[in-house]
Every structure is written in structure tokens, then in C-alpha cells.
Amino acid sequence: MIRAMGDFGDDRIELVDAGDGRRLERFGAVVVDRPAPAANFWQRDPEAWRAADLRFDPELGWSGRAGSDAGAISPWQVRIGDLTMELRPTSSGGLGLYPEHLANSLRLALDVAERGRATERPPAVLNLFAHTGVHTLTAARAGASVAHVDSARTVVAWARRNAELSGLADRPIRWLVDDAAAFVAREGRRGRRYDGIVLDPPSYGHGHGRGRGGRRWRLADELVALLEGCAAVLADDGFVLLTAHTTGIGGRELEESVGAAFPSVVRVEASPLQIVAGSGAALDLGWSVRVVAG
Ligand SMILES: C[S@@+](CC[C@H](N)C(=O)[O-])C[C@H]1O[C@@H](n2cnc3c(N)ncnc32)[C@H](O)[C@@H]1O
């Protein structure tokens, strides 16, 4: 659980309030009001919502508050510890950062450092569905070499820009525009092994080449095969961090899928992807499962 998300480096990133099907968040200089189906309760701090610089409605798109700096809806940057991420409103209501993952980033940095000490070499990390790269950059900063895989070319370019902004452009990161499951299967056939695997599969998605023969993706159908593919490329004593925003799959089900796919699991720890606002409102956004294999 992240209480109010707190300060990560120089910029404050926090859930200010949630309710009435929406979430109000601060991302550094910009306060954003977006839909949140999980916020099926009353807003606790209705006054706070007046501070929103940006608002997203699925039917209307983005709008900026008159007179606010964010009125032009242009990209802005946030500092998260040592990282700099560029945020910008996307057509689907995203911003290029899932604040609920930030607590996992801290855990990931510790796992990478621990694995590096144990093996006395830079750990190899595979980041699947890697989006704009907060986990890739966290692992690289902690000393890992990283394979960053996402099927959207524009999103991979965005992640590379975040690496440049964070001073990590020269780190050993492979930027791969590819279907996650297909990439894992190929790595298995090549005999590649990773010390750590991070994956944040969407509930629904698409593979590389959508509309031109690319595969459609549905987590509930694909999860077991994907995890089996990951098990085949995970080194002994490796770690896995699986997060899922889907409300269709619960923590128990994820734990069971992970337990079945990784026969040598030593520890499985499932915890809710939950963020709590300063106002006290809590948003349940999915599950996070950390696996340590033997
Ligand atoms: C839920 S977001 C990932 C969030 C990210 N882990 C973070 O913390 O910011 C899903 C990402 O998966 C990508 N994606 C969707 N289907 C994919 C597939 N079949 N293979 C690879 N990437 C895919 C999307 O382009 C998107 O960037």
C-alpha cells in the first residue's frame, strides 16, 4: 500500500482524493482529474478537485483548466528519485506513468542490487509490457542490463527519451518493439536466462503488427502460457514481479497461476495494488505478485 504516494525525489506524486468514479492526482506541477472505476464511493474532499489543471473524459478527451499552465496540455517532466520521466496526456487517458507502481520500483531496485551482490556481475532483467520504462530505468540505475519489451513503437521511443532525460542513455538496455509472449518464447529457444523478470500485462492488448496480422491479447486466456514462458527463461534463484491492473483476476488466482508456472518457487507474496489519498480515500487497482524462485 502506498499512503498518499509521498515524495519520490524532488516532485510530489500523490493521490489527492478519489470518489464518484474519478481520481485526483498530483504529478509534480500538474494536478490531474481522471476516471477511476474503482472509486465507487463519495469524494472525501470535494473542494480539492477545483485545483485540477487537466481533466480527462472518455467521450470528450482532455481539457485544461482556463488560465492554468497546463492549459496547453503539453508534456511536462517529473523527478522520481534519480529518474526524470516525461508525462503527457494520451488519447486513452494515460499520462505515461502508473503511480501505483512506484512502490514496486523501490522493491525492484533492492532485488537487482541483491542479485548483483550474489552473482558478482550485472544482473540481467527482462521487462515485459514495459511501457514508458519506469521499471527498466530503475533496474538499469541499480546496475542491471535490461531487455525492455513493448509492442508499441511510440511507447518504446518515449521510454528511450525517459532514459536520456534520466542520464541513462548509455546503460546496457535493449529496446525491443515486440510481442511479449513471442519474445519470451524466442528467448527460451535461444537458451537465454534472466536474473529477474518484471511484467505488467494489460487485461486486453495487442501484439506487434496490430491490424496487419498482429495477435490480440486477453490476459485471462494468456497468463498461464506467458508465465510458463517466463519460467523457462528465469535463472535459478531469480525473481519475478508480476503486476496486473485487471479486476477480472484476483490475488489468489494470480498466486495460483504463478505457483503452477514456477515449480521451483520459494516464496510468493501477493499484495493489493492500492493507493491511499491524503484525504483517506483508498483506490484498489489490481494486484502485485512477487516471486522468488529456488
Ligand atoms: C499496463 S501498461 C504497462 C505499464 C508499465 N509497466 C508501467 O509501470 O508504467 C501495458 C503496456 O503493454 C504494452 N502491450 C500491450 N500488449 C502487448 C503485447 N502483446 N506485447 C508487448 N507489449 C504489449 C502496451 O503498449 C503498454 O505499453
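Kindly check whether there is at least one residue in region 157-168 that is surrounded by 15 or more Cβ atoms within 10 Å (Cβ to Cβ), within 21 Å of Ala244 (Cα to Cα) and touching a Gly at 6+ places or on another chain (Cβ under 9 Å).
The first filter runs over region 157-168 and keeps only residues surrounded by 15 or more Cβ atoms within 10 Å (Cβ to Cβ), leaving 158-163, 165-166, 168.
In the following step, the residues that additionally are within 21 Å of Ala244 (Cα to Cα) were identified as 159.
Imposing the further condition that a residue be touching a Gly at 6+ places or on another chain (Cβ under 9 Å) reduces the set to 159.
Yes: region 157-168 contains one or more residues that are surrounded by 15 or more Cβ atoms within 10 Å (Cβ to Cβ), within 21 Å of Ala244 (Cα to Cα) and touching a Gly at 6+ places or on another chain (Cβ under 9 Å).
State all residues of region 253-278 that are among the hydroxyl-bearing types (Ser, Thr, Tyr) and surrounded by fewer than 18 Cβ atoms within 10 Å (Cβ to Cβ); if no residue qualifies, say none.
Quick first cut of region 253-278, residues among the hydroxyl-bearing types (Ser, Thr, Tyr) only: 257, 264, 271.
Scanning region 253-278 gives Ser264, Ser271.
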- Query: If you go through region 102-125 one residue at a time, how many are under 14 Å from Ile197 (Cα atoms), touching a helix residue (DSSP H, G or I) at 6+ places or on another chain (Cβ under 7 Å) and of a type outside the set (S, T, N, Q)?
  - Reply: 5
- Item | Options Asp236, Asp178, Asp221; residue that is away from the ligand (no atom under 13 Å from the Cβ), charged (D, E, K, R) and surrounded by fewer than 21 Cβ atoms within 10 Å (Cβ to Cβ) | Asp236
- Message: Take the conditions without any contact (Cβ under 8 Å) to a residue 40 or more places away in the chain and touching a helix residue (DSSP H, G or I) at 6+ places or on another chain (Cβ under 9 Å) and apply them to Val184. Does it pass?
- Response: no
- Any chance Pro99 is closer than 30 Å to Val240 by Cβ, within 15 Å of the ligand (Cβ to nearest atom) and either surrounded by 15 or more Cβ atoms within 10 Å (Cβ to Cβ) or modelled with pLDDT under 95 (or both): yes
- Query: Which of the residues spanning region 131-157 are over 14 Å from the mean Cα position of the chain (by Cα) and near the ligand (Cβ under 10 Å from one of its atoms)?
  - Reply: Ser151, Ala152, Arg153, Thr154
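Residue-wise test of (1) hydroxyl-bearing (Ser, Thr, Tyr); (2) farther than 22 Å from Ala180 by Cβ; (3) out of contact with any Asp or Glu (no Cβ under 8 Å at 6 or more places or on another chain).
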site	(1), (2), (3)
Arg88	no, yes, yes
Ser105	yes, no, yes
Arg115	no, no, no
Thr119	yes, yes, no
Arg141	no, yes, no
Val146	no, no, yes
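The values are calculated or read from the model by the stated rules, or taken from the named source; none is laboratory data. Note that the structure is a prediction, hence the values are computed from the model and not measured. Counting neighbours? That spans all protein chains shown, and the Cβs are built from the backbone with ideal geometry, glycine included.
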